[in-house]
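First comes the structure, then the notes that go with it.
Please treat every number below as a calculation from the coordinates, not as lab data. Everything quoted here is computed from the prediction, not taken from an experiment. Neighbour counts are summed over all protein chains in view; Cβ atoms, including those assigned to glycine, are modelled from backbone coordinates with ideal geometry.
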Amino acid sequence: MNATDSLLVPLVDAGGLNGLKHGALGARYRFWRDEDGVRHVFSVYPADAAPDYPHALAVVARRTPAGSIAMWAGPTGEAAQAAAARLRADEVHIHVFGEEEAAPALRRLFARPACVPPLPLVPALPAPCFSKRHAA
């Protein structure tokens, strides 16, 4: 297992566009490899600004130093935005299916139940109290 393998979604980060790595467009696109090993290009959007496209797959992702990790996959729109907010994602990656594109492994992600695990309930911590005394 690699550092960018997801335990929740069968997609592996396959990097960005090499020719545009340092340009403005380099950060806008990302490749993901599906469970069949096929590489697909996705457009990258901030988690709170992902558009709603028909016939498209959204991948909610978190960025790490090693690359992106897929945390949820499903339809674009409200479902993707809710998953991104719930999972505290950094980005939403969107792949728009072409008219003749088969991509069976990506299409199978729509058949999976699109569940978002609930966040654990953590009691609020009290605000730190600073006094003027210092330890000697």
Q: Could you work out how far apart the two model spin labels at HIS55 and GLU100 are, taking each label as a point 7 Å from the Cα in the direction of the beta carbon, and quote it in nm?
A: 1.3 nm
Q | Nonlocal amide H pairs with GLY15, under 5 Å, H built at 1.01 Å | A | PHE31
(Q) What distance in nm lies between label points placed 7 Å from Cα along the C-beta direction at ASP48 and LEU25? (A) 2.9 nm
Q) What ranking of ASP90, ASP36, ASP13 emerges when the number of other C-beta atoms within 10 Å of each C-beta is taken as an exposure proxy, fewest first? A) ASP36, ASP90, ASP13
Q.
Taking a cut-off of 19 Å, what percent of all Cα-Cα pairs in the range 12-111 are separated by more than that?
A. 37 percent
Q) For ARG62 and ARG33 in the same chain, what is the full-extension length gain: residue separation times 0.36 nm, less their Cα-Cα distance, in nm? A) 8.8 nm
Q) Could you give me the ³J(HN,Hα) list for the range 69-74, computed from phi with Karplus coefficients 6.51, -1.76, 1.60 and θ = phi - 60°, whole Hz, x at Gly and Pro? A) 10, 6, 10, 7, 9, x
Q.
Just want to confirm a number: the relative contact order over the range 12-111, from Cα pairs under 8 angstrom separated by 6+ residues, in percent.
A. 27 percent
Q: Kindly put GLU100, GLU91 in sequence by how many other C-beta atoms sit within 10 Å of each C-beta, fewest to most.
A: GLU100, GLU91
(Q) Between VAL41 and ALA79, what's the calculated FRET efficiency when r is the beta-carbon distance and R0 is 22 Å? Round to 0.05. (A) 0.50
